[in-house]
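The values are calculated or read from the model by the stated rules, or taken from the named source; none is laboratory data. Everything numeric in this text was worked out from a predicted model, so none of it was measured. Here the Cβ is made from the backbone with ideal geometry for all residues, glycine too, and neighbour counts use every protein chain on show. Ligands, DNA and RNA are stripped out before the accessible areas are found, and what is left, the full protein with its side chains, is counted by its heavy atoms. Shrake-Rupley method; radii C 1.70, N 1.55, O 1.52, S 1.80 Å.
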Amino acid sequence: DRFHNASRKQDGFETANRIQKKVRKELARGDLSYLSKRLGEFNSERFLDSGIAGIPSSQTFNVKCIHAHVADHLCRRSRDLDSADIENADRGNIIGEHALRILGDRGTEICGNEVCWQQCNCNRKRVDSDWSYRPKKNRQKLKTTSERRQLSK
């Protein structure tokens with residue numbers, strides 16, 4: 001049963017990556033020359049051929065960026081984005097679904113709450129009492145570290 005479950009997740013992961021490539025190519029269709037000019041021919045092809053969170057087609061064993069899988073699951077769990085594979089397209093992203101189940105089992109509110117919308121509404125003027133999420137890595141981490149160093153001088 002454990003092998004069947006792992007195989008099912010692998011198949012779901014590969015399906016999610018295949019659908020992501022299809023969506024990315026569809027969205028970029030009118031901008032292919034700009035993409036090639038901006039990234040170069042080789043990199044633009046790699047970009048268009050990658051799956052969720054930029055995972056190359058050859059690395060579907062490497063799950064990373066769980067938040068991207070959750071977002072993919074939430075966005076396409078009930079939509080037909082791949083008519084050749086309706087069963088899997090309707091199910092959404094199996095990795096994202098699994099992550100949401102784990103979070104829910106731990107008591108995390110996965111359907112939002114009365115204040116989480118404040119993070120996504122760009123037109124809302126922030127006040128001190130607002131709920132806010134501040135990422136801890138990548139560009140935001142560098143910015144936060146720089147701000148902290150400036151304050152400590």
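Limited to the stretch 24-48, what total is found for residues that are open to solvent by less than 50 Å² (accessible area, probe 1.4 Å) and either touching an Asp or Glu at 6+ places or on another chain (Cβ under 9 Å) or part of a helix (DSSP H, G or I) (or both)? Reasoning before the result, please.
Let us first name the residues in the stretch 24-48 that are open to solvent by less than 50 Å² (accessible area, probe 1.4 Å), namely 24, 28, 35-36, 40, 44, 48.
Pick out the ones that are also either touching an Asp or Glu at 6+ places or on another chain (Cβ under 9 Å) or part of a helix (DSSP H, G or I) (or both) and you get 24, 28, 35-36, 44, 48.
Selection size over the stretch 24-48: 6.
Go through the stretch 97-112 and count every residue that is out of contact with any helix residue (DSSP H, G or I) (no Cβ under 7 Å at 6 or more places or on another chain) and not in a helix (DSSP H, G or I).
Qualifying residue count for the region: 6.
Which condition number in (1) modelled with pLDDT under 85; (2) of a type in the set (A, V, I, L, M); (3) assigned to a helix (DSSP H, G or I); (4) buried (at least 16 other Cβ atoms within 10 Å of the Cβ) is the one that V70 fails?
That leaves (1) as the condition not met.
Please go through (1) open to solvent by less than 90 Å² (accessible area, probe 1.4 Å); (2) modelled with pLDDT under 80; (3) over 20 Å from E14 (Cα atoms) for L103 and return the number of the only condition it doesn't satisfy.
(2)
Picking from V115, V127, which residue would you name as being part of a loop (DSSP other than H, G, I, E, B) and either open to solvent by less than 70 Å² (accessible area, probe 1.4 Å) or touching a Leu at 6+ places or on another chain (Cβ under 7 Å) (or both)?
V115 is the lone residue from the list that is part of a loop (DSSP other than H, G, I, E, B) and either open to solvent by less than 70 Å² (accessible area, probe 1.4 Å) or touching a Leu at 6+ places or on another chain (Cβ under 7 Å) (or both).
Answer yes if at least one residue in the stretch 80-92 is surrounded by 10 or more Cβ atoms within 10 Å (Cβ to Cβ), within 18 Å of K9 (Cβ to Cβ) and at pLDDT 80 or above, and no otherwise.
yes
Any idea how many residues of the stretch 49-67 are in contact with a Gly (Cβ under 8 Å, 6 or more places away or on another chain) and open to solvent by less than 30 Å² (accessible area, probe 1.4 Å)?
Summing the residues that are in contact with a Gly (Cβ under 8 Å, 6 or more places away or on another chain) and open to solvent by less than 30 Å² (accessible area, probe 1.4 Å) in the stretch 49-67 gives 1.
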